[in-house]
Structures are given as structure tokens and as C-alpha cells.
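This report refers to the structure that appears directly beneath it.
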Amino acid sequence: MSKHKLSGNEIRQSFNDFFIEKAGHTFVPSSSLVPGGDATLLFTNAGMVQFKDVFLGTDKRPYTRAVNSQKCMRVAGKHNDLEDVGRDDTHHTFFEMLGNWSFGDYYKKEAIVWAWELLTEVWGLNPDHLYSTVFKDEKGEIPDDVEASEHWRALPTFRKDHVFFLGRKDNFWEMAETGPCGPCSEIHIDLRPSDGPVTAETLDTDRFIELWNLVFIQYNRTGPNGLEPLPATHVDTGLGLDRIVQVLQGVNSNYRTDLFWPLIEKTAQLTGHDKSDIDVQFTPYRVIADHARAATFLVADGVVPGNMGRNYITRMIIRRAYRFGGKIGLHEPFLANVAEAVIEQYKGAYPELTQNKETILKTITREEEQFQNTLDKATGHLDALLNDLIAIQQRTLSGELAANLYTTYGMPLEITRDIAQERGLNVDDVGFIRLCSSIVWHPAQAKPWDRWAARM
Ligand code: ATP
Ligand code: MG
């Protein structure tokens, strides 16, 4: 580990510098959270979204190696991490994905050697705690990625028994029913090495964090059984910034890194809570920090609260954070304070935050004010509905009642679901979506490109 503990901002910079200095990568700034020219994809949800046409061969860039940190949102559609936020310490709605890219240039060997060098030599992670996974087809149709496993095992400091072969779900990445695809190789870190032997199943438990996914695009899928080698092979990698910062700063949660902690401290200044109170109420603190960060970046990219699609998501995120504020005694609009801390933290890497500061703060406060007026009524009404259901031993709130709560009180489905779940009940999401199809994004609306991005 480096002597001086790197800040989150320094870690982002050191990733970019490594690939620029090491191997002539071009820094390509993050694209917007709103994918350009693609109405079918709700939000940019991986680093490769802005490069999809380069992989498809319909776009060419003046460089064949790129590096960046991409703003991502995974909050709707097929790839939705909302349910994990507040419950775990590694999934966010908004997050930054660090990535290095080869467009028909270097391939598996360099991608693996450089990832390893950055993790173990530059950042000083202990090689004994790192594991990798490579692809083995359970159907026996696609060749196993023995090549990648050999590159891992050839690394002098890599433990030869730390590579596992996994199947299609984990280690084969596909664009859609057709299109570019290929095996991938993930890097996981063991947080509790003294817990005994590791198997492929252990990797999927909270003993491990998945840090980095290296995707090797080498085939074109032409149909269910058709897989042709591509004329050029590509590399597409994704490393979650919050996760690597957690590991390098030696803390046990993404929220305890210097990227997130100032947002939590800002909230605690408003509640008067000390560190141990925060521990007890960690779920609301995590949701508020996550959602305030997401809302700040969304508004900066022009996605203001509203009733449909992307705008609905911004509305839902702000309202949901506001309701979680109520759980820790905040009953007045407060999120602009947290948003200011977000801007302070991220303004160096994302100048759009300073440029839009006034709009961000005003927009968030206005949305809280609107919701403040109806939240109590909506909650009272929902409580009565849930009491009725419990009395007749029903466990599911109908889509119609949930839709009514949104149209009457502006209560987003996601909040209705939170409240129902807190009392052990479900909501008929499908029924809600059927009634409010113009409001909520859902996978059925997605075109092939959304399914491609949603897999990542
Ligand atoms: P997981 O299985 O942990 O959900 P994933 O397989 O969905 O991860 P990828 O789609 O391969 O992840 O994304 C590349 C990297 O981006 C991951 O290795 C991880 O470091 C990071 N990442 C993915 N989803 C999130 C998220 N919701 N919040 C923060 N980081 C994330
Ligand atoms: Mg995931």
C-alpha cells in the first residue's frame, strides 16, 4: 500500500494517469448520464455506452486506446440496483466506472498484465487476496477462455490456484440476441482471508467484493447458435471507483470513504447525530448520501424532476431521499445541503456541477417542498390501506391503489413499495406499470440496445 493514503479524487486520477503514461491511452471525458442519440436507453449504465458504435464498426475514433471515468446510473430497466442501496455497502444508483479501452488494438494479455500491475504495484494490494474468474461454457459450445487463465497464471505474483472458471451468467458478455460479444474476466478481493478456503461459490458472498470486469470482445453472435470470430478484437473494462477507494482506504463500506463520508457528515450536522447514532441509522444515511449524489449529477445533466421516464427517476430519487430524512428527524427540505457537499467533492472532476450549482440546489429544494405538502397525507392513506389488507390477511397492495397514490399524492411506486415492505407486504409492480406505462420506464419498452447495456 502506498505510504500516503490516496484520496478518492487522487485514485481516479491515478487510474487515468496509469493508462495514459503506461500505454498511450487517450483520456475521453465521461459522456452524459443521458445517452446521446439513443432514446431507447434510459441512462448510461456502463462505460462502454459512448463507444458502442465503435464496437459495432459503424464509428471510428482518432485513437485506438481510451481511458476514462464514466458517470453511470443503474436505477431502472433490466439493470436496477435500487433495491440494494441502503442495504449493502457496494451498490449505488449513481456511480463512476473507471475503464480502459482497446478498439482493435491490444487484447487479453495487456489488459490482464496492466490491471494486475496497477492493483498490486501502483496501488499496493496484496496479491494473495486477489482472485480472478474466467469463462468456461457450461453448454460446451463456446471455447473455454484458457488463454485468459494462462495470462493470469503467468503473472509472477499471481497465486496459481486463485483463478476460477465460471459459466455464461457470470463470465460471458453478450450485446443482445445478435452482435459483438465475448468472454470476460472479473477480479475479486477477499476481505476476510482468514476465513478459510475459497471456492467459486464463496466469491458470490459478502466475504468478497467484485472490483473490476475485463471484457474481451471477440465474437459476433449471428443467432442462437451462430458465433463468428470478429475481424478485430476489443477490450472493454469497468472498475467501480467507490469500491476500489473503499479497499485502498481500508474502510468497510463505500460510504466510509472520503468520497461519501462528507455527505454523511453534512447530514449528521443537520440531525445532530454523532458517529454511533449514524451506525444505528446507517440505512437512512446511506440512502440519503447515495440519492443526493445521484440527484446532483442528474440535474447537472439536465434531468430535472418530472412525471415521465428519466424525469420520473429524478423525482423519485429526491422524494425517496426526503422520506428517509424523516426517519432521522429531518422534516424540512434539507437535501440541498448534502448536494452542496457533493458539488464540493466532485467539482474538480466534473465541472458541470459548479456550472449548474444554482439550478441543482434550487431544483432539489423545490421538489422537496412540493412533496413535503403531500407526504404525510399519502403516508396516512397508505397506512390505512395496508391495515385493511392485513386485517383480511392479504399481502399485496394492488397496482391500482399504488397508481392512485401516485396520481393523487405524487407518491412514487418505489416509496410505496418501501413502506409496504416495512410492514411485510408487497406491491403489484406489474399492475402499477400497466396503469402508469407512460410514467415508468420498464424493460418491455427496451429495444435490443437497452438489453445490451442492461446486461453490463
Ligand atoms: P455486481 O455483481 O457487484 O452487481 P456487476 O457484475 O453488475 O457487479 P459490471 O456490470 O461488470 O458489474 O460493472 C463493472 C464494475 O462496476 C463492477 O465490477 C463494479 O466494480 C462496478 N459496479 C457495478 N455496479 C455498481 C453499482 N451499482 N454501484 C457501484 N459500483 C458498481
Ligand atoms: Mg450488478
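The values are calculated or read from the model by the stated rules, or taken from the named source; none is laboratory data. Since the model is a prediction, treat every value here as computed from it, not as a measurement. Here the Cβ positions follow ideal geometry from the backbone for every residue, glycine too, while neighbour counts run over all protein chains shown. Areas reflect the complete protein model, heavy atoms only, side chains present, ligands, DNA and RNA absent. Shrake-Rupley method; radii C 1.70, N 1.55, O 1.52, S 1.80 Å.
Points worth noting:
- Those GluC sites (Glu not before Pro) in region 129-189 that DSSP places in a loop and that have at most 16 other beta carbons within 10 Å: E138, E141, E177
- Per-bin percent of Cα-Cα distances, region 352-444 [10 Å]: 15, 40, 28, 13, 3, 0
- Computed over region 276-431, Kirkwood Rh from alpha-carbon pairs, angstrom: 16.3
- Computed from Cα atoms, the angle from the helix 309-327 axis to the main principal axis of the chain rounds to 70 degrees.
- Proximal charge balance of T202 [Cβ under 9 Å; K/R count +1, D/E count -1]: -3
- All other residues whose Cβ lies under 11 angstrom from that of G325 are scored, Lys and Arg at +1 and Asp and Glu at -1, for a net of +2.
- Over the chain, the pair-distance histogram of Cα-Cα distances with 10 Å bins from zero comes to 4, 20, 29, 26, 16, 5, 0 percent, rounded to whole numbers.
- Pairwise centroid distance, computed over Cα atoms, of region 95-165 with region 211-260, Å: 11
- Between the helical axis of 335-346 and the longest alpha-carbon principal axis of the chain there is an angle of about 20 degrees.
- Among the protein heavy atoms of the chain, carbon and sulfur supply 50% of the accessible surface, probe 1.4 Å, non-protein parts ignored.
- With 0.36 nm allotted per residue and the present C-alpha distance subtracted, the N426-T374 stretch has 16.5 nm of extension available.
- Lysines with Cα under 29 Å of K169, excluding same-chain neighbours fewer than 8 positions away: K52, K71, K78, K108, K109, K136, K139, K160, K447
- Estimated at 0.36 nm per residue, the fully extended path between T26 and R87 surpasses their Cα-Cα distance by 18.3 nm.
- Sites matching trypsin sites (Lys or Arg not before Pro) across region 1-92 that sit in DSSP coil, with at most 13 neighbouring C-beta atoms within 10 Å: K3, K5, K60, R87
- Crossing angle, helix 413-422 versus the chain [Cα axis fit, 0-90 degrees, rounded to tens]: 80
- Convex hull (Cα only) mean projected area of region 125-233, reported in nm² to one decimal: 7.4
- 22 Å Cα-Cα reach of K327 towards lysines, excluding residues that sit fewer than 8 places from it in its own chain: K266, K275, K377
- Cleavage-rule hits, trypsin sites (Lys or Arg not before Pro), region 335-399, DSSP coil, Cβ neighbours within 10 Å at most 12: R395
- Label-point gap, in nm, between S253 and K275 - each point 7 angstrom along Cα→Cβ: 1.3
- Taking region 136-155 and a reference point 7 angstrom along Cα→Cβ of A200, the backbone N atoms nearer than 15 Å belong to 136-146, 149.
- Based on the Stokes-Einstein relation at 10 °C and a viscosity of 1.306 mPa s, and on the Kirkwood radius from alpha carbon pairs, region 1-94 is assigned a translational diffusion coefficient of 103 µm²/s.
- Accessible surface, per residue, of the chain when the full set of protein chains is kept, probe 1.4 Å, Å²: 41
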